[in-house]
1. If you check residue A:135 against the conditions, is it away from ligand 2 (no atom under 16 Å from the Cβ), surrounded by fewer than 24 Cβ atoms within 10 Å (Cβ to Cβ), basic (Lys, Arg) and closer than 26 Å to residue A:27 by Cβ?
2. Might you check whether a residue that is among the charged types (D, E, K, R), away from ligand 1 (no atom under 16 Å from the Cβ) and closer than 13 Å to residue A:30 by Cα occurs anywhere in the range A:167-179?
3. When you go through (1) of a type in the set (D, E, K, R); (2) within 19 Å of the chain's Cα centre (by Cα); (3) over 20 Å from residue A:93 (Cα atoms) one by one for residue A:121, which number turns out not to apply?
4. Here is a list of conditions, (1) within 24 Å of residue B:244 (Cα to Cα); (2) among the charged types (D, E, K, R); (3) within 14 Å of chain A (Cβ to nearest Cβ), and residue B:25 meets all of them except one; can you say which number that is?
5. I need the full set of residues from the range B:267-303 which are closer than 22 Å to residue B:17 by Cα, among the aliphatic types (A, V, I, L, M) and touching a residue at least 60 places away in the same chain (Cβ under 8 Å), in order please.
6. Has the range B:122-136 got at least one residue that is touching an Asp or Glu at 6+ places or on another chain (Cβ under 8 Å) and of a type in the set (Lys, Arg)?
7. So in the range B:104-115, with the set limited to residues that are over 20 Å from residue B:188 (Cβ atoms) and open to solvent by 40 Å² or more (accessible area, probe 1.4 Å), which one is nearest to the other protein chains (Cβ to nearest Cβ)?
Amino acid sequence: MLELRTVTAGYDRRTPVVRDATLTVTAGEAVGLLGPSGCGKSTLARVAALLHRPDAGEVVLDGIRVHHYRHRAPRDRRTAVGVVFQQPRLSADPRLRLTDLIAEPLRATGRRSSVPGRVAELAETVGLTPDLLTRRPHEVSDGQLQRACVARALVLRPRWLICDEMTAMLDASTTAALVRAVEDYRTDTGAGLLAVGHDRTLLNRWCDRTVHWDTVTAPAAKTLA
Amino acid sequence: MTPGRPPVLSVRGLSVRFLLPGGHRVAAVTDAHFDVAPGECLALIGESGCGKSVLASALLGLLPANAQTAGSALLGDLDLLTAGERTLARTVRGRRIGLIPQSPAAHLTPVRTIRSQTEEVVARLTGVRGRAALRAAAERAAERAGFPTDHLDRHPHELSGGLAQRAATALALIGDAPLLLADEPTTGLDRDLVDRTVDELRRHVDADRALLMITHDLAAAERVADRVAVMYAGRIVELSEADAFFGSPGPRHPYSRGLLEALPERSFLPIPGLPPELGSLPDGCAFAPRCAHATDICTTLPPLTGPVACHRPLPAPARTPEAIRA
Ligand SMILES: Nc1ncnc2c1ncn2[C@@H]1O[C@H](COP(=O)(O)OP(=O)(O)OP(=O)(O)O)[C@@H](O)[C@H]1O
Ligand code: SF4
Ligand SMILES: [Mg+2]
């Protein structure tokens, strides 16, 4: 299970953007979290992905409470969670060719030998052609870069996936294709999913259940229309 | 389009090629033809990587050094493809073309607050002078795009995706340019904000500006556009009235039909296969490997005849009695 228990988080302790958020994703489940722009969804997604330390509350991952976030999180916990963000340009190292972008988590965790096989396999899954793999981020479109970011998120076979507006920059067909890539991965591995977004139609079609931000957080949480 | 009035933008035979190391050529845009009139919005839609943003960069003279262009893109009597960087920087970008970019957070200057960036653009493009006046004008500009003025003192990384987009929109509207070029202006916005953003853009169109809106958001395109151009593998494969495209008879090119069908409110099925590599396009129809209607004739290039570039366009269904009455 991935449990968020009364999580309060933000960038200034006096005005948290997430207040008392409670949400559970059970093993293999796909949960959609729906909320308006600026409500704090991405902040909560970063907490769930162990990338942002909450001010209060706790994250419990597969039964064990999380104490360390970001680079301080132990490797086996960090690699248990794969993350895809909305804006691939902000999350991809501009110096890396797409193939190295996808392979980088493998290298960082000493799994160099599995790089060629795994990269080829994932490129196929997410629909990247060989000529694209040798290009750098500025030489591909946002959608192509996002395909690489999805492949990168899957490369260590995480048990949990956090997708924050994964398809917000993508056309309808690429959206349907990447959702299918994630779903094929989940069918193979039984991974759980937290998909954050504001497209109700998409989340309803994609996930087992969809919860609204207002039902997950305390009413006092600051929302910005 | 208003008959008799010259278009604001007239694009003829526009092609863009990228030269990559090793002599590879990428055909990002091929032989694009279209006009945008004052008071008109043309939506350019298509799959990721099909060349939409490259087309926009070509119009703005913002292509990287390894790009080659052909054809023309007339803004009044200025050809944007041959105008020098000095002309483009001093008289075109911001003044004659307002740009609403894709990836706004990456486009905004990271080390400066939204207020300081907005004031700078106001000072550069309008007659407003003096600290207090600039401050007030910047706040009006923010409000116009729905950007909350109490967030003006933030840096771009402190904004959600939606707020960054509105900051970028505010900057683009400051110069009151006759042509607005919006590249994915609604990315990251929730449905209410999408509606507000495109309605705001529509108001600028109705005030006799021309808008070329590049978008993958088909609902936003339906809401704002008068005409729709569909791009596939660098070519415009369908150009039709928005009503006919989104309503009846619907898209007539098999690709456009597949794109619309991929929506989660429709069949949610991706178009099978992948877009072709723009570095090695086939001689015939580039959609053929993915097209259920392809026959032998599709190994030759289909010209854009009427609204579609397809040898076997989907039939325009016979008009129903309701449609005739309407
Ligand atoms: N690093 C930061 N410093 C200060 N404030 C921030 C920072 N990052 C985000 N915020 C603020 O936190 C609030 C919530 O941001 P968040 O990105 O989580 O929203 P969101 O729901 O994902 O919005 P959108 O759907 O528009 O992307 C916003 O008011 C935003 O301006
Ligand atoms: S020209 Fe042929 S392959 Fe191309 S879209 Fe039309 S039917 Fe399909
Ligand atoms: Mg967000």
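The values are calculated or read from the model by the stated rules, or taken from the named source; none is laboratory data. Computed from a predicted model, the values in this text were never measured in an experiment. Backbone-built Cβ (ideal geometry, glycine too); neighbour counts: all protein chains shown. In case anyone asks, the SASA skips ligands and DNA or RNA and just uses the protein heavy atoms, side chains included. Shrake-Rupley method; radii C 1.70, N 1.55, O 1.52, S 1.80 Å.
1. Values: away from ligand 2 (no atom under 16 Å from the Cβ): yes; surrounded by fewer than 24 Cβ atoms within 10 Å (Cβ to Cβ): yes; basic (Lys, Arg): yes; closer than 26 Å to residue A:27 by Cβ: no.
In short, no.
2. At the first step, the residues of the range A:167-179 found to be among the charged types (D, E, K, R) are A:171.
With away from ligand 1 (no atom under 16 Å from the Cβ) added as a condition, the list becomes A:171.
Pick out the ones that are also closer than 13 Å to residue A:30 by Cα and you get none.
No: zero hits.
3. It fails just one condition, (2).
4. For residue B:25, the failing item is (1).
5. Within the range B:267-303, B:278, B:281 qualify.
6. yes
7. It comes out as B:111.
Matching residues to (1) within 16 Å of ligand 3 (Cβ to nearest atom); (2) away from chain B (no Cβ under 14 Å); (3) of a type in the set (A, V, I, L, M, F, W, C); (4) in contact (Cβ under 8 Å) with a residue 12 or more places away in the chain:
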site: A:40; (1), (2), (3), (4): yes, no, no, yes
site: A:50; (1), (2), (3), (4): no, yes, yes, yes
site: A:54; (1), (2), (3), (4): no, yes, no, yes
site: A:78; (1), (2), (3), (4): no, yes, no, yes
site: A:114; (1), (2), (3), (4): no, yes, no, no
site: A:129; (1), (2), (3), (4): no, no, no, no
site: A:133; (1), (2), (3), (4): no, no, yes, yes
site: A:141; (1), (2), (3), (4): no, no, no, no
